[in-house]
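J.: I have a structure I would like to understand better, so I am pasting it below and will then ask my questions one at a time.
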Amino acid sequence: MRDHIPVVVQGRGRRARRAGLVGVLWATAELTVTVGVVVLLLVVHQVWWTNRQAAAAAQEQVRSLEQSWALERAGSPERAPGDDPPASGGPASSPGPSASSASSAPSAPAPVPSGRTAGPSGAYAVLRIPRLGLVVPVAQGIDKRAVLDKGYVGQYPGTAGPGAQGNFALAGHRNTHGEPFRYINRLRAGDELIVDMRGRRYTYVVGKILSETTERDTGVIAPVPRSLVKPEQGYGEPGAYITLTTCTPEYSSKYRLVVWGTLRP
């Protein structure tokens with residue numbers, strides 16, 4: 001009679017280990033997909049939804065300003081052209097803070113001078129850029145939360161008021177939060193930049209564009225704007241200027257894009 005030899009099944013252990021490895025890989029894949037979906041939703045919220053919210057709120061603010069100005073005109077006698085000249089936004093010798101639209105901000109906005117009374121939102125004027133189809137409210141200061149993230153354009157404290165001698169310097173987001181200045185790189189010499197304020201209109205004409213400079217180039221928003229980084233860029237004589245600043249390249253805050261204009265007589 002033959003001896004009974006037990007049969008050892010060696011494949012069962014391998015299959016168990018393989019099944020465990022497959023389970024780990026499957027769980028890792030599920031986790032990766034879940035994280036990816038969450039990140040995608042965050043990106044959609046930041047890039048798309050915040051844009052819609054800020055842009056809609058900004059347009060509502062434009063309508064509110066225009067309605068309040070219409071009521072003022074209806075309730076008060078017409079003023080002759082030249083009455084109540086626009087006040088300066090601050091000392092003409094002050095260049096203001098750095099030319100940053102997204103990463104730096106002043107500690108506190110400058111007070112609103114007489115003739116530029118701001119509403120509860122802080123907006124006091126409307127900027128129109130016909131070439132871009134842009135209509136956006138203008139508020140005091142360049143604080144992100146209080147001004148720029150609302151889809152507004154912010155005025156650098158210490159810079160001149162609309163229509164005044166000096167430099168009416170503005171900052172705005174290029175991407176997200178309404179991105180009002182996203183396409184200012186498309187502006188060309190001769191394009192109009194229109195500023196409405198309490199029934200008055202000031203028309204500036206684009207003269208020069210600085211495609212790239214550092215965020216600390218305060219010369220671009222000086223009363224006579226001239227780049228400190230690229231001194232050949234800018235102006236050399238006093239006048240009534242407007243400056244638009246935003247981040248560049250897109251989806252980055254590494255540099256600043258600058259557009260300059262002069263007041264049309």
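J.: Could you list Arg17, Arg198 so that the one with the fewest beta carbons within 10 Å of its beta carbon is first and the one with the most is last? If you can, show how the numbers build up before the last one.
T.: Numbers: Arg17 10, Arg198 17.
Sorted ascending by nearby Cβ count, the order is Arg17, Arg198.
J.: I'd like the distance separating the alpha-carbon centroids of the stretch 213-234 and the stretch 160-206, in whole Å.
T.: Spelled out, the Cα-based centre of one part sits 17 Å from the other.
J.: Set the Förster distance to 22 Å, then compute FRET efficiency between Arg73 and Ile194 from the Cβ-Cβ distance, nearest 0.05.
T.: Numbers: r = 18 Å, r/R0 = 0.83.
The value I calculate is 0.75.
J.: Select from the stretch 173-265 those GluC sites (Glu not before Pro) which occupy a DSSP coil region and have at most 14 other Cβ atoms within 10 Å, ordered by residue number.
T.: Working: sites: Glu192, Glu212, Glu215, Glu232, Glu250; in loops: Glu215, Glu232, Glu250.
Here the sparse-neighbourhood loop sites are Glu232, Glu250.
J.: Quick one: net charge around Glu60, please, counting Lys, Arg +1 and Asp, Glu -1 for every other residue with C-beta under 14 Å from its C-beta.
T.: Details: positive: Arg52, Arg63, Lys150; negative: Glu66.
Its environment carries a net charge of +2.
J.: Which of the lysines could a cross-linker span from Lys254 if the Cα-Cα distance has to be under 19 Å and same-chain partners fewer than 8 positions apart are dropped?
T.: Lys144, Lys230
J.: Still on this structure, I have one more. Return the Rg/Rh ratio of the stretch 144-250 with Cα-based radii and a Kirkwood Rh.
T.: Working: Rg = 13.4 Å, Rh = 14.4 Å.
We get a ratio of 0.94 for the stretch 144-250.
J.: Using DSSP to call loops (not H, G, I, E or B), can you name the chymotrypsin sites (Phe, Trp or Tyr not before Pro) in the stretch 162-232 whose Cβ has at most 16 other Cβ atoms within 10 angstrom? Numbers along the way, then the final one.
T.: On the way: sites: Phe168, Phe181, Tyr183, Tyr202, Tyr204; in loops: Phe181, Tyr183.
Passing sites in the stretch 162-232 are Tyr183.
J.: Sticking with this structure for a sec: Using the Cα atoms of the stretch 215-265, I'd like the radius of gyration and the largest Cα-Cα distance, Dmax, both in angstrom.
T.: 11.5, 37
J.: Taking amide H positions as placed 1.01 Å from N in the peptide plane, with prolines and chain starts having none, which residues 5 or more places from His173, or on another chain, fall under 5 Å of its amide H?
T.: Phe181
Values in this text are rule-based calculations from the coordinates and carry no lab data. None of these values were measured; they are calculated from a predicted model. As a convention, Cβ positions derive from the backbone with ideal geometry for all residues, glycine included, and neighbour counts pool all protein chains shown.
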